[in-house]
């Protein structure tokens, strides 16, 4: 319980000094440089001059992927409660209602100790990034032992702010349009499956294709075509 309370306090004490000046790319990878500034944990016992810890790294956001409740229900690695939630979502909005899946990778680089108060340090970094037109950079102030919570808070907010634009861009290209022939799966899913068919030259490729068909619940629609891959080889 104490860890939970510490985590909540870390969230409350985390704030973004400078947001990236661009949204997440809809059709490509987004590479965001981050700077998390904290007061070092040893400050609690060392009353010397003020210092801040500056942690630097990158968050790589993969190209957003269109998914549906049907697709999510066939992904592995969730707790049973999550699948129950997805089933309820499927009942409420439909099994093929489109949404967006975002995947991130954190690549920490280094950290340094800098003289000054954390908030002042963060603002100086932000000002320097503005002068350099570093549009895909973020500066945060967080809690030292929970610095990665600051990063997760940013990822959540940044994703939420970008989702509407990403959906609009997907929609403008017709990628969310339901395909009646395929039980209402969005056009993006069918395009992805076609791409995998064209690339299915090895056993590994075919396994990936089969997994994708199963996740969309569309194997029966492609069964003859899928089996023909083996007949040709």
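When the criteria are applied in full, residue 96 fails the requirement of being part of a helix (DSSP H, G or I), on the phi < 0 side of the Ramachandran plot and modelled with pLDDT under 95. Is there a residue being part of a loop (DSSP other than H, G, I, E, B), in contact (Cβ under 8 Å) with a residue 40 or more places away in the chain, out of contact with any helix residue (DSSP H, G or I) (no Cβ under 7 Å at 6 or more places or on another chain) and closer than 30 Å to residue 54 by Cα anywhere in the range 149-158? So far as the range 149-158 goes, no, none of its residues is part of a loop (DSSP other than H, G, I, E, B), in contact (Cβ under 8 Å) with a residue 40 or more places away in the chain, out of contact with any helix residue (DSSP H, G or I) (no Cβ under 7 Å at 6 or more places or on another chain) and closer than 30 Å to residue 54 by Cα. Taking (1) touching a helix residue (DSSP H, G or I) at 6+ places or on another chain (Cβ under 8 Å); (2) part of a helix (DSSP H, G or I); (3) under 14 Å from residue 12 (Cα atoms) in turn, residue 170 satisfies each apart from (3). Applying the set (1) assigned to a loop (DSSP other than H, G, I, E, B); (2) on the phi < 0 side of the Ramachandran plot; (3) loosely packed, with under 15 Cβ neighbours inside 10 Å to residue 194 leaves exactly one unmet item: (1). Residues that are under 12 Å from the mean Cα position of the chain (by Cα) and in contact (Cβ under 8 Å) with a residue 60 or more places away in the chain occur in the range 163-174; there is at least one.
Listed here are the residues, each with its yes/no results for (1) farther than 30 Å from residue 219 by Cβ; (2) crowded, with 17+ Cβ neighbours inside 10 Å; (3) at pLDDT 90 or above; (4) in the same structural domain as residue 133 (by TED's automatic domain parsing).
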position	(1), (2), (3), (4)
8	yes, no, no, yes
24	yes, yes, yes, yes
46	yes, no, no, yes
49	yes, no, no, yes
52	yes, yes, yes, yes
58	yes, no, yes, yes
69	no, yes, yes, no
83	no, no, no, no
108	yes, no, yes, yes
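Just one of (1) buried (at least 17 other Cβ atoms within 10 Å of the Cβ); (2) in contact with a strand residue (DSSP E or B) (Cβ under 6 Å, 6 or more places away or on another chain) fails for residue 102. It is (2).
Condition check: at pLDDT below 95 and over 29 Å from residue 70 (Cβ atoms). Does residue 139 satisfy that?
Details: at pLDDT below 95: no; over 29 Å from residue 70 (Cβ atoms): yes.
Spelling it out, it is not the case that residue 139 is at pLDDT below 95 and over 29 Å from residue 70 (Cβ atoms).
The values are calculated or read from the model by the stated rules, or taken from the named source; none is laboratory data. None of these values were measured; they are calculated from a predicted model. Cβ: placed from backbone, ideal geometry, glycine included. Neighbour counts: every protein chain shown.
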